[in-house]
Every structure is written in structure tokens, then in C-alpha cells.
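Structure, as C-alpha cells:
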Amino acid sequence: MNRTVVGIDLGTTHSLVAYRHEDGRVEVLPDREGRLLLPSVVALSRDGVRVGWNARERVNDPETTVIYAAKRLMGRSFEETESERRHLTYPIVDRNGSPAVPDPFRNRFLTPPEIGALVLRELRSRAEEALSREVTEAVITVPAYFNDAQRQATKDAGSLAGLSVLRIINEPTAAALAYGLGSGKDGLFAVFDLGGGTFDFSLLDIRKGIFEVRATNGDTHLGGEDFDRAIVTEWLGESPKLLSLAERSEVRDLLRKEAERAKIALSSRTEVEVAIPAAGFRTTLTRARMNELVEPFVEKALSCVRSALADSGTPPSGVDGVILVGGSTRFLRFKEAVATFFGKPLFDTVDPDLVVAEGAAVQADILSGRRKDLLLLDVTPLSLGIETIGGVTSTLIPRNTTVPAQAKELFTTYVDGQTNVDIHVLQGEREMARDNRSLARFTLSGIPPLPAGTPRIEVTFQIDANGILEVTAREQTTGKMSNVVIHPSYGLGKDDVRTLLKEAFSHAQEDFATRLLVDARTEAQTVINATIRALERVGSDILPDADREAISRQVEALKKAMEGTDGRKVRDETRLLDNLTQPLAERLMNQSISNALSGMALPKEGGSHA
Ligand code: AMP
């Protein structure tokens, strides 16, 4: 019996589950009522926990906590969800640094993975009913810019729902798979994903069955709901009576629904009549006017597209096709704008609401072992590395590396007799550790007490096919190892990958200068320490007094340079000291100086980073 692996699109507003049958047909699995979408909504009330459509019905019930858009909180720290929390109307509290929603009826707190798990469990039982067999394995999609913590949180949600998550794949990759790209059809494809509330743009390079996300960009608050709001605003401007009634939330809800209905109707008609009898309001919305209203949003989306293309150095003509994803790409004005911008064919024959789930099902099918023709690889969206002495970032796996990937590097100690090192795992493009995302921290202890720069500590980064990271540190002489279970701090940098990349770009010059200075100071201090040690050990038989004085003077000159902010000056003074001590080092056959000068050092546990 073949394994039953389903594909799941765990969306911000809706989620879906799909399956590829033995005959190759991909089916989005319906619920008992025949509905394909499941609202990603959970309602907590006295009489129970509801998920999906039943939960959404409770939206206006004051006795119920209605949780929606929990994907926006997934894998992020409480602090870092601040801007999201402002848009969400349900209570979110800080539980050990992570966001959680209180369930007052059951005296507990739900974390984002637990909320995700409730939605996944519902999809799982829907799949089991539709397929009449047990379903325990799945592929789940996430946005391409999701970081390790967000991917891990999504995987956790799967486990909590009793699903073994065989792979987390990027949504644009899934969309491309649904169109059969990758099996014979290679090229550079753009994925334009405009949903109800979010816009994601990705450039996907597909070669010989390998999928690489070349660039991502977008806006986490741009989508169909903005268009609905623009229409409502227009109507409120037309009717003072409507404006005064709109103070009431149920009137606003009604207006929003009417606006959405009118917008969707304009995909197949050139004008639509709208009437709200209770407010004595009648109007006609034309497609032309609608297009004017959304023009600023079209421009906003296209500017994200331009940035992504610029990031990857691709002209619009370098793109072989554009895949449309998300309900709002049905909007004719958007289709037209995208087609004109790229001048390339649009992939729009698969329902844009279903395409990601269908692609996930294709991938699920491949992983079930039935098909062997496709290899799926994604890339790391941001660089991964560790903090080294002076608070600088040392990158082990550069961004856009195809996963699975492994990298190893040797590090050493900074202080004589140092018996432990602090491994601080970072994600991001900035030179200084403090400007990057902190993913985890751990200590390798039990290092034999040796002179600084002598121990050899091998740090290994391993990312599996899901983009999940494991970091190991091993001291080579003793074999002492700290095989760390990475504890993603569930902390996302400032906002998301895009912001981080933008920041890295705009700070590149000052970052470079800071790094130069910090590296120069670190090296200078190492040389000074080694010099002082050497001076203490030798008498005038080996080192004539005149030489000793010259060296001491140069140590002072170097210390003075270190107080300044000119990294080059520090480096030059270090070289001078280095030259002066070179003959001494040779005479002493003392390897510790030269050892100390090679290899990046790791901070001590709890050590300060200059
Ligand atoms: P999604 O989040 O991908 O399910 O997208 C849902 C969004 O697509 C909602 O804002 C819908 O109003 C919008 N939408 C659905 N059909 C159309 C259409 N024909 N024209 C414009 N927007 C649409």
C-alpha cells in the first residue's frame, strides 16, 4: 500500500489540503459541504473550540475570542509581533517571550503553533474523510521569506496535529510545481502572489528540477482588503448619511462585504449597481473608477517587483513567465499591469486560490516515493553564522545557499586558559552581531585550559531540506562536543527578511567601517597580550634593552590608536608592533604568538564583546 502524503497550504486567511491520486489527478479535498477553503480561524467560547467556517461565524459574538491571521505570529517573539498585534483585535499576551492567546474558558494559553495545529487537525480529518484512510504525513507550504524559527514553528504545528511533516516548502515553489514547471520546463519564473491581506513576490530559478528562490519582496499589508476599504471610503464620501451610520461596526461589515461583492463582480462586468436601502444609498461603481481606486496599490506592488528584480540583477525581460497566485490576481487591472510590465505569458489557468495547495500535493506525491523525477531544493533566505570576538558576525552559510547544506569552520579561544566558549547563532546580512537576528546561544565547556589561540573548535552548521538548522561545536583535541538542539528564539529581526536585506544594504558602508575597526582592535589586543607575555618571559640576554623599549613604545602607540575610531590606523600600528616582535618570536620559537594571530576567536561564556 502506498503512503498517503497530503499537501497543505496553511494560509493567513484560508487553508487548504490537496492530494495527488494514483492516476496523477490532483484534487483539493472538500469538506462535507463541498467547500474547498477552510478559514484559518479558531474561535474560543464557553461551549467549545471551533475551527474554520464555524469559527468565522462567531466574529461578532462578544463572548467569543476569534483568532485569525495567526500565521502572522508564527515563530516570532512577542516583542517582534508588535506591529502585527496592532492590527489584530483579539488579546495576545507575552508568555516567556512568545505571543500567546489566552483561552479564558479552559484556563490555558494558545501559542501560534497550537493555533496552527487546530487548523491543521481540521484539514487532516477532512482529508481522512475525503480519502477514507488515515493521513499522518504532509508537506506544508510557507512564504519564501519565512526564517528558520517560522519554519520550525510551522513544523511544530504539524507535529501537534499528529502529522509528520516530511517537508516545508516555499509557496512560490509549490505554485510552480502545480504548473508542472521543473519537469522539463526550466527558466526564471516570477511568482506574483496577491491575496486578501498580503503581497509576496518571488523570483524562482528552475533548472534541472532544482528550484531556487533568487529574490523575494512584497508587502505584508497589501491585498484585496485594501481595495475593499478604498471602495468603502469612496462611498462614505458620496453619502453623509452612510458616513454617520458607519460608526456602527455591523454597518461597516456590511459595507465591506458589499464592496468586495462589487469588486468581484467587476471582473466579469464593466459596471455594478450597489444599493444599501437601510441608508437610502444607491450608487454605480464602474470598472474604470475601480481601476483608478486601485492604481496606488498596483504601483505599490510593482515597486516591490522592481526591487526584487534589481536585487537579483534581472531585467523584466529576463523572466520567462509569471505565475499568478492569490484571489486578488483575478483582478483584471492587476493581470493587465503584470502582463504589461513583464511582456511575458501569465500562468493563470489554475485557480489562484488553489494553486499552492495543488503544488504541495505534487511535492507530497514525490516524497511518498511514487515518483522519482523531481528533486526539490530551496535556498536559505538569509545568511547564517556565529558571533566572534568583538561582536562581529562570522558567516558560515551565505544567504541563498541551496539546502540541504552543511558548513564547517575552525575557531579558537581569545583568553589564556579559557575553558568554555559561547556560541551565538545569528541570521542576517549585517557585519555586527547585534544588528542580526539572534537564533540561539549555547556554551561549549570543558575545553582544556591552553594559551589563547591554541584550542581548535570546529563549528558545524547543518540545514536540512526543510531549512531547519542544527549547530554543533566540537573541541578537537578532547572531542568534547556540544551538539546543540537549536532553540530558535522565535525572535524575528526587525520585521522580516525584506527589511533586513534593505537595512543591510543601506548600512553596508558604515557596517564595513565598524567591522574593520572591531577586527583591527581585536587583532591589536591579541598581539599586545602575546607581546606582553613574551616580554615577561625573556631577559636581556635574548632581548636587548633598546629593543624592549622600542617594543614597549609601540605597544603604547597601538593602545592609543585603539582608543580612536580609525580601523586602518589600528591595523597599521599593529603591523608595526608585529614587525618589531617578529625577530623575538622567532628567537623564542614561541608558536603561541603566531598561533594567537590566526583563527577567529570565540567569546567566553557570558564574556563581554568589546
Ligand atoms: P486569498 O487570500 O488568496 O484567498 O485572496 C482573497 C482575496 O481575493 C480577497 O480579498 C478577495 O476579495 C479577492 N478576490 C477574489 N476574487 C476576486 C476577483 N474576481 N477580483 C478581485 N479580487 C478578488
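Here are Asp94, Asp23, Asp9: which of them is open to solvent by 60 Å² or more (accessible area, probe 1.4 Å), assigned to a strand (DSSP E or B) and either modelled with pLDDT under 95 or under 30 Å from Arg437 (Cβ atoms) (or both)? On inspection, the qualifying residue turns out to be Asp94. Residue check: Gly564 meets all listed conditions (1) modelled with pLDDT of 85 or more; (2) surrounded by 17 or more Cβ atoms within 10 Å (Cβ to Cβ) but one, namely (2). In summary, Arg533 fulfils each of the numbered conditions (1) at pLDDT below 85; (2) basic (Lys, Arg); (3) within 28 Å of the chain's Cα centre (by Cα) with the single exception of condition (3). Please work out if Val42 is surrounded by 15 or more Cβ atoms within 10 Å (Cβ to Cβ), within 25 Å of the chain's Cα centre (by Cα), β-branched (Val, Ile, Thr) and more than 18 Å from Pro143 (Cβ to Cβ). For Val42, the condition - surrounded by 15 or more Cβ atoms within 10 Å (Cβ to Cβ), within 25 Å of the chain's Cα centre (by Cα), β-branched (Val, Ile, Thr) and more than 18 Å from Pro143 (Cβ to Cβ) - is met.
Looking at this structure, is Arg35 open to solvent by 30 Å² or more (accessible area, probe 1.4 Å) and assigned to a loop (DSSP other than H, G, I, E, B)? Yes: the conditions hold for Arg35.
Of the residues that make up region 77-89, is at least one over 30 Å from the mean Cα position of the chain (by Cα) and within 16 Å of the ligand (Cβ to nearest atom)? No; the residues of region 77-89 include none that is over 30 Å from the mean Cα position of the chain (by Cα) and within 16 Å of the ligand (Cβ to nearest atom).
Arg20: touching a strand residue (DSSP E or B) at 6+ places or on another chain (Cβ under 7 Å) and in contact (Cβ under 8 Å) with a residue 40 or more places away in the chain, yes or no? Criteria met by Arg20.
Restricting attention to region 307-329, which residues are within 16 Å of the ligand (Cβ to nearest atom) and either open to solvent by less than 20 Å² (accessible area, probe 1.4 Å) or in the same structural domain as Thr13 (by TED's automatic domain parsing) (or both)?
Ile323, Leu324, Val325, Gly326, Ser328, Thr329, listed by residue number.
The conditions of being touching a helix residue (DSSP H, G or I) at 6+ places or on another chain (Cβ under 6 Å) and in contact (Cβ under 8 Å) with a residue 24 or more places away in the chain are met by Asp226. Scanning region 330-348 for residues that are within 13 Å of the ligand (Cβ to nearest atom) and in a loop (DSSP other than H, G, I, E, B) yields Phe331, Asp348.
Residue pairs whose Cβ atoms lie under 9 Å apart, separated by 6 or more positions or on different chains, with the first residue in region 324-352 and of a type in the set (D, E, K, R) and the second more than 16 Å from the ligand (Cβ to nearest atom), are Lys344/Ala190; Lys344/Pro316; Lys344/Ser317; Lys344/Val319; Lys344/Asp320; Lys344/Gly321; Lys344/Val322; Asp348/Val322. Of the numbered criteria (1) outside any strand (DSSP E or B); (2) open to solvent by less than 10 Å² (accessible area, probe 1.4 Å), the one Ile169 fails is (1). You will find that of Leu285, Leu293, the residue that is assigned to a strand (DSSP E or B), within 15 Å of the ligand (Cβ to nearest atom) and under 43 Å from the mean Cα position of the chain (by Cα) is Leu285 and no other.
Leu44 meets the conditions (1) assigned to a strand (DSSP E or B); (2) within 16 Å of the ligand (Cβ to nearest atom) in every case but one. The failed one is (2). Screening region 174-249 for strands (runs of 3 or more DSSP E) wholly inside it with 3 or more residues that are under 26 Å from Arg20 (Cα atoms) and within 13 Å of the ligand (Cβ to nearest atom) returns the ranges 187-194.
Of Arg261, Arg269, Arg282, Arg287, all but one fail to be open to solvent by 30 Å² or more (accessible area, probe 1.4 Å), in contact with a strand residue (DSSP E or B) (Cβ under 6 Å, 6 or more places away or on another chain) and more than 22 Å from Leu204 (Cα to Cα); the exception is Arg282.
What number of residues within region 505-519 satisfy the criterion of being in a helix (DSSP H, G or I) and surrounded by fewer than 18 Cβ atoms within 10 Å (Cβ to Cβ)?
So the count comes out to 8.
Could you list, in sequence order, the residues of region 454-472 that are within 15 Å of Asp422 (Cα to Cα) and either in a strand (DSSP E or B) or of a type in the set (Gly, Ala, Ser) (or both)? Scanning region 454-472 gives Ile457, Glu458, Val459, Thr460, Val471, Thr472.
What about Glu234, is it in contact (Cβ under 8 Å) with a residue 40 or more places away in the chain and either out of contact with any Phe, Trp or Tyr (no Cβ under 7 Å at 6 or more places or on another chain) or of a type in the set (Lys, Arg) (or both)? Considered against the rule, which asks whether it is in contact (Cβ under 8 Å) with a residue 40 or more places away in the chain and either out of contact with any Phe, Trp or Tyr (no Cβ under 7 Å at 6 or more places or on another chain) or of a type in the set (Lys, Arg) (or both), Glu234 comes out as yes.
Return the residue satisfying two criteria in turn: it lies in region 111-163 and is under 30 Å from Arg437 (Cβ atoms) and acidic (Asp, Glu), and of such residues it is surrounded by the most Cβ atoms within 10 Å (Cβ to Cβ). By that ranking, first place goes to Asp148.
The values are calculated or read from the model by the stated rules, or taken from the named source; none is laboratory data. Note that the structure is predicted; figures quoted are calculated from it, not measured. Don't worry about glycine lacking a Cβ; one is built from the backbone with ideal geometry, like all the others, and counts go over all protein chains shown. Note: areas computed on protein heavy atoms with side chains; ligands, DNA, RNA excluded. Shrake-Rupley method; radii C 1.70, N 1.55, O 1.52, S 1.80 Å.
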